[in-house]
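The block underneath contains the structure these notes are about, expressed in structure tokens.
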Amino acid sequence: MVMKDFDTETILRDYDRDGVALVRKLLSPEEVRAIRAELDRYLREDLAFKPVDARTFEADETTLRNLWRLEVHNDFFRDFGAREDLHALIKPLVKGEPVLAGVETFNKPARIGSGVPPHQDNAYFCQTPPDMLTVWIAIDAVTEANGPVTYVKGSHRLGPLPTKPSGVRGNSIGLAGMPAVGKEDLLVALLAPGDATIHHCDTIHYSAPNTTDHPRLGFLLVFRGSHTTTDPGLKATYSAAAAATPPA
């Protein structure tokens, strides 16, 4: 894979202001194909031998919704998360040395892909200070119709908001109430394969179900600053919600 130079000044400006930055062509078509090929191989050859918490199914109990902990279960994805160009990009955003905390997928399969309730990721990550983020990379095209992620710009400045169990497997904890926002406050992430968003762990976001004939596969890398620690209160709240709708 070719190491890249990113427009870090613009990305940092947008990230600080909005809690989310849009990055076009983060990955090349060749890199997207390599990720898709390894995911296909992993599903075909490895997943059946992994722990139950390595995946979440849709309501039909057979269609894959998420893959979890790929950095633990797969050398290719662990190495991908160690790329020097990604770490150089992430370092100023997490205000310290980046630590790969997770590699996962949100598959949003055609016609059956479930929605994601409004939430802040740190309700799951439980880190203090909240110097943690997600790089969300489109493997399939993300359109208005197939369940794009919508971000509430500036919501990372609200801090942690009250939560409640969502009952959604794979997204077990959501906001207790959605703050009032206008259309101008929203970023709907319409992405070509290889495009990405980078969002702060306190940025509110959500997505609708996919009712189209086109899948919407997202590949996610989660990073934290090496200085963050787990908040016991946040962890207890999340653990209770996850226990009700395992595995996440």
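Table for the structure above
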{"item": "Qualifying position, being farther than 22 Å from T8 by Cα, at pLDDT below 95 and under 18 Å from the mean Cα position of the chain (by Cα), among G170, G233", "result": "G170"}
{"item": "Strands (runs of 3 or more DSSP E) lying entirely in the range 1-83 (those with 3 or more residues that are farther than 28 Å from G115 by Cβ)", "result": "none"}
{"item": "Test for D18: is it more than 24 Å from R169 (Cβ to Cβ) and at pLDDT 95 or above", "result": "yes"}
{"item": "Output for the range 147-184, where each listed residue is part of a loop (DSSP other than H, G, I, E, B), touching a residue at least 40 places away in the same chain (Cβ under 8 Å) and farther than 23 Å from S114 by Cβ", "result": "K153, G154, G159, P160"}
{"item": "Enumerated strands (runs of 3 or more DSSP E) restricted to the range 185-248, each holding at least 2 residues that are surrounded by fewer than 20 Cβ atoms within 10 Å (Cβ to Cβ)", "result": "186-188"}
{"item": "Test result for T143, surrounded by fewer than 17 Cβ atoms within 10 Å (Cβ to Cβ), within 18 Å of the chain's Cα centre (by Cα) and of a type in the set (V, I, T)", "result": "yes"}
{"item": "Of residues in the range 8-36 being more than 19 Å from V142 (Cα to Cα) and free of Cβ contacts under 8 Å to residues at least 12 places away in the same chain, the one surrounded by the fewest Cβ atoms within 10 Å (Cβ to Cβ)", "result": "E9"}
{"item": "Single condition S155 does not satisfy, out of (1) under 26 Å from D85 (Cα atoms); (2) buried (at least 21 other Cβ atoms within 10 Å of the Cβ); (3) not aliphatic (A, V, I, L, M)", "result": "(1)"}
{"item": "Some residue of the range 87-107 being of a type in the set (G, A, S), within 23 Å of T211 (Cβ to Cβ) and within 19 Å of the chain's Cα centre (by Cα)", "result": "no"}
{"item": "Which numbered condition K91 fails, given (1) touching a Pro at 6+ places or on another chain (Cβ under 6 Å); (2) farther than 29 Å from T128 by Cα; (3) assigned to a helix (DSSP H, G or I)", "result": "(2)"}
{"item": "Subset of the range 99-124 [under 16 Å from S226 (Cβ atoms) and either in contact with a Leu (Cβ under 8 Å, 6 or more places away or on another chain) or free of Cβ contacts under 8 Å to residues at least 12 places away in the same chain (or both)]", "result": "L100, G102"}
{"item": "Candidates R44, R78, filtered to the one that is touching a helix residue (DSSP H, G or I) at 6+ places or on another chain (Cβ under 8 Å), farther than 18 Å from P246 by Cα and not aliphatic (A, V, I, L, M)", "result": "R78"}
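The values are calculated or read from the model by the stated rules, or taken from the named source; none is laboratory data. Just so it is clear, the structure is predicted and the values come from calculations on it, not from any experiment. Virtual Cβ from ideal backbone geometry, glycine too; neighbours counted across all protein chains shown.
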